[in-house]
Every structure is written in C-alpha cells, then in structure tokens.
Amino acid sequence: MNIDKNSFVTIDYLINLGEAETYPPDGKPEEISFCMGGGAMPPGLEEALLGMKVNDSKVINLSAEDAYGAFDDELLMEVPRSDFGPEVDLRPGLVFETENEDGQAVYFIVEEVRDESVLIDFNHPLAGKDLEVSFTIRQVREATPEDLEEQQVCTCSECQEGGSHQH
C-alpha cells in the first residue's frame, strides 16, 4: 500500500541539525506513528511521504519554514517562579504541558530559571532550524476513525516513557 492523505504511517526517523547534532540526541533513529494530515508532522515531510511504501527510505532537506516554522520571540515569556509549585525542581530543558484558552494541550520549555521568575518558551524545539530528515517507512495502512480521534497522542519513545514534548 502506498502512502496517501488518508494513511496511518509508522516511520523510523533521524533529524540531522548539522555540527554533529541530531534529534533524537542519541543519534539513533526513533519510531513514530501518525495520521497523515493530522498536523503531527511538518507539511514538507508529509509531502515527501506521499506515494512511498513499506521499507522505502528517503533523506530530505526541509527549510525552517517547511519544518517547524521560524523562531518567534513573542513565544518567549517570563513568568513568576511562584507559578510553579515549590516541589518542582525547575531547570532549563524541562518540558511542561498546559492548556490554551480553547482547552487544547500546549507545551513549553524552561529556558532559564531566575531567582523570582522563569523564562519559558512556547516555540517548537526545532523552530527556526533547517533540517535534514532521514526516514524509513515501517507501516502503512488506512487510518481508522479511532486513529483520527487519537492523533494528538504521541507514540515516540520519550512520550511513551512518561515524558512529553512537541514534535
């Protein structure tokens, strides 16, 4: 079966950011599953997947605009340290989940911890970066109604182990 706009897809992927920097950081490809068109993956990646089938591999280059967009300084916010419970061991790199005004989950990263405040970042961790993405197709099938309903649930190893982040 070839990938089309109604497919549920599982891929192994590795993102090369240059200067020997990769995502995942350990340099080992990671498996992720998603519905095409669900917004889980950058449009440029989904476009490259169309027509591919199981065991096909490809390496593509995505500009920041075709990947996770430009870095937006307006998505950096300074909030009072007291917004976090005293039991929270705040440190740069921690990812938190909150809800926007529509009740949808949004994520932010702790950038800097100060005495009285915390600098947080709502940008995607890969925002503003050009990416080289290598991937192999592991599974392709027609997306079910259940897949479409659950498309907001990430299947990467970090999330499955209790972590959370934004792709």
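The values are calculated or read from the model by the stated rules, or taken from the named source; none is laboratory data. All values derive from a computational prediction rather than experimental measurement. Backbone-built Cβ (ideal geometry, glycine too); neighbour counts: all protein chains shown. Just so you know, the surface numbers come from the protein's heavy atoms only, side chains and all, with ligands and any DNA or RNA stripped out. Shrake-Rupley method; radii C 1.70, N 1.55, O 1.52, S 1.80 Å.
Name the residue, out of Lys28, Lys5, Lys58, that is under 14 Å from Thr136 (Cα atoms), at pLDDT below 95 and not aliphatic (A, V, I, L, M).
Details: Lys5 fails: under 14 Å from Thr136 (Cα atoms); Lys58 fails: at pLDDT below 95.
Result of the check over Lys28, Lys5, Lys58: Lys28.
What's the total number of residues in the range 51-79 that are open to solvent by 60 Å² or more (accessible area, probe 1.4 Å), over 22 Å from the mean Cα position of the chain (by Cα) and under 11 Å from Ile120 (Cβ atoms)?
1
Which is out of contact with any strand residue (DSSP E or B) (no Cβ under 9 Å at 6 or more places or on another chain), at negative phi, surrounded by 12 or more Cβ atoms within 10 Å (Cβ to Cβ) and outside any strand (DSSP E or B), of Gly44, Gly38? Spell out how you get there, then give the answer.
Details: Gly44 fails: out of contact with any strand residue (DSSP E or B) (no Cβ under 9 Å at 6 or more places or on another chain).
Answer to the selection: Gly38.
Against the condition within 18 Å of the chain's Cα centre (by Cα) and open to solvent by 70 Å² or more (accessible area, probe 1.4 Å), how does Pro25 come out, does it pass? So that I can check it myself, show each step before the final result.
Numbers: within 18 Å of the chain's Cα centre (by Cα): yes; open to solvent by 70 Å² or more (accessible area, probe 1.4 Å): yes.
Against the criterion (within 18 Å of the chain's Cα centre (by Cα) and open to solvent by 70 Å² or more (accessible area, probe 1.4 Å)), Pro25 qualifies.
Being open to solvent by 20 Å² or more (accessible area, probe 1.4 Å), of a type outside the set (A, V, I, L, M, F, W, C) and in a loop (DSSP other than H, G, I, E, B) is the requirement here; does Asp12 meet it?
Working: open to solvent by 20 Å² or more (accessible area, probe 1.4 Å): yes; of a type outside the set (A, V, I, L, M, F, W, C): yes; in a loop (DSSP other than H, G, I, E, B): no.
So Asp12 does not fit the description; no.
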